[in-house]
Each structure stands twice: as structure tokens, then as C-alpha cells.
Amino acid sequence: MMLSDLDYRLTCVIHNQAGRRRWLDRLAIFVARDLPFVLVAIPLGFFWRDVKGAAVYGVAVVLSQLVVIAIQAGIKRKRPFQREHLRPLFRLRVATTSIPSGHASLCATILIFSAMGGSLFFWGAFVLSIGILFARVYAGLHYWSDILAGLLVGGFVAYGTALLAILFFLRFV
């Protein structure tokens with residue numbers, strides 16, 4: 001079995017549950033579409049007195065999304081509902097390609113910075129991130145490999161941004 005077959009099968013196992021329970025579909029739509037905007041604010045809870053930390057976090061969020069857009073422009077992989085028989089739970093506001101997942105990249109960035117705020121912030125962000133990533137597959141918007149690629153991109157960008165910021169602030173500020 002090829003990896004693409006495994007990726008497709010895992011995606012279908014999750015997405016084929018969509019449409020069976022209306023309440024679950026509505027919850028998945030909220031979690032996949034709207035909850036990421038709430039999740040972005042979690043790290044700001046411990047940066048509210050630290051302007052430099054909030055600025056670094058903001059830069060990391062923007063950079064991770066720019067890197068995702070650049071990779072998507074090069075790869076141009078269609079979303080599951082565009083390639084397969086899958087039906088998305090909701091329409092996308094902006095038509096983008098599938099890999100890497102911008103939401104997964106955002107979640108990884110948030111998790112890296114939430115870990116700096118202590119276990120309560122991290123575990124809250126972790127649980128919400130898992131829900132968001134699962135809901136993106138459930139809604140038919142991503143394959144699992146898109147999610148994994150997005151997590152890698154976001155993790156590397158967030159860690160690199162934090163490391164460069166530490167080096168910069170130690171040297172120049």
C-alpha cells in the first residue's frame with residue numbers, strides 16, 4: 001500500500017462520518033472554521049504585559065502563514081473534496097490549495113508559544129488544536145498528510161522565530 005492510499009483511506013474513514021449527525025456536523029463547522037480565531041488569542045493571555053513577546057508571537061503567526069502560502073503556490077495540491085467523492089461541510093471563504101494546512105501551521109505556532117506560558121495555557125491550546133485539526137479532516141477540507149505538513153511548517157517557523165528573537169533581544173536590546 002502506498003502512502004497516498006493510506007492518506008486517502010484515513011481521510012475517508014473520518015470524513016465518511018460527516019452528514020450522519022447534524023449536531024456533530026455543526027460542531028465540526030464551528031471548530032474547523034471559527035475556533036482558530038479564538039485559539040490565536042490564547043497566547044496573548046500570557047503576553048499581555050510583554051509587548052516584545054506579543055510582537056514576536058505576531059511575527060511568528062504571520063510568517064508561518066506566509067510560508068504556507070508560498071509552499072501552496074508551489075505544490076498546488078487540490079483539496080479532498082476537489083479530487084475525491086468527498087463533500088465539504090461548508091464552503092471555503094478563499095479558494096486555496098490543500099498542502100500544507102494553514103490551520104495546522106497556525107496550531108503548531110500557537111502550541112510553541114503557549115508552551116512558554118505554562119502548562120494550563122499549553123494544554124488548553126493543545127486540546128483545542130486537536131479538535132481543529134480533526135474537524136478540518138472531518139469537514140473534507142484536508143488530507144491527514146496536509147495536517148502533518150502544516151504542523152511541521154508551523155513548528156519550524158515558530159521555533160525559528162522564537163530562537164531568532166531571543167538571540168536578537170539578548171544582543172541588541
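Read-outs: derived from the displayed coordinates by stated rules, not from any lab. Values in this document were obtained by computation on a predicted structure and should not be read as measured data. All Cβ positions, even for glycine, are placed from backbone atoms using ideal geometry, and neighbour counts span all protein chains on display.
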Enter the angle in degrees (range 0 to 90, nearest 10) between the Cα long axis of helix 119-138 and the first principal axis of the Cα atoms of the chain, meaning the one along which they spread out most. 30
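Pairs of Cα atoms under 8 Å, at least six residues apart: use those to get the relative contact order of the stretch 104-173, whole percent.
Dividing the mean separation by the residue count of the stretch 104-173 yields 49 percent.
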Under a point-charge model restricted to the Cβ atoms of Lys and Arg (+1) and Asp and Glu (-1), what is the dipole moment magnitude of the stretch 53-138 relative to its Cα centre, in debye to the nearest 20? 500
Folded to 0 to 90 degrees: helix 102-115 orientation relative to the chain principal axis, Cα: 40
With Cα atoms, 0 to 90° folded angle of helix 3-15 axis to the chain main axis: 80
Contact order relative to length for the chain, counting C-alpha pairs under 8 Å separated by 6 or more residues, stands in percent at 34
Take the Cα atoms of the stretch 53-94, build their convex hull, and give its volume per residue in Å³. 95
What ranking, highest mean first, results for peptides 17-29, 68-80, 152-164 when packing means the other Cβ atoms within 10 Å averaged over each residue? 152-164, 68-80, 17-29
With the dipole of the chain worked out from charges on the C-beta (+1 for Lys and Arg, -1 for Asp and Glu) around the Cα centre, which of PHE37, ILE112, LEU27 lies farthest toward the positive end? LEU27
Mind listing the phi-derived Karplus ³J(HN,Hα) values for the stretch 24-30, rounded to whole Hz, using 6.51, -1.76 and 1.60 with θ = phi - 60°, and x for any glycine or proline? 5, 4, 5, 5, 4, 5, 4
Modelled label-to-label distance, VAL51 and LEU6, 7 Å Cα→beta-carbon offset: nm? 5.0
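Can you list, largest first and rounded to whole Å, the semi-axes you get for the stretch 95-152 by taking the square root of 5 times each eigenvalue of its Cα gyration tensor?
Numbers: eigenvalues 98, 26, 10 Å².
They are 22, 11, 7 Å, listed largest first.
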Would you please put 31-42, 56-67 in order of how densely packed they are, using the mean number of other Cβ atoms within 10 angstrom per residue and starting with the highest? 56-67, 31-42
In Å, the C-alpha Rg and Dmax of the chain are 16.9, 57
Taking the Cα centre of the chain as origin, work out the dipole magnitude from +1 charges on Lys and Arg Cβ and -1 charges on Asp and Glu Cβ, in debye rounded to 20. 500
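Before rounding to the nearest 500, sum -39500 (n - 2.57) across all DSSP H runs of length at least 4 in the chain and divide by the residue total; then give [θ] at 222 nm in deg cm²/dmol.
Mean residue ellipticity at 222 nm (helix-derived): -22500 deg cm²/dmol.
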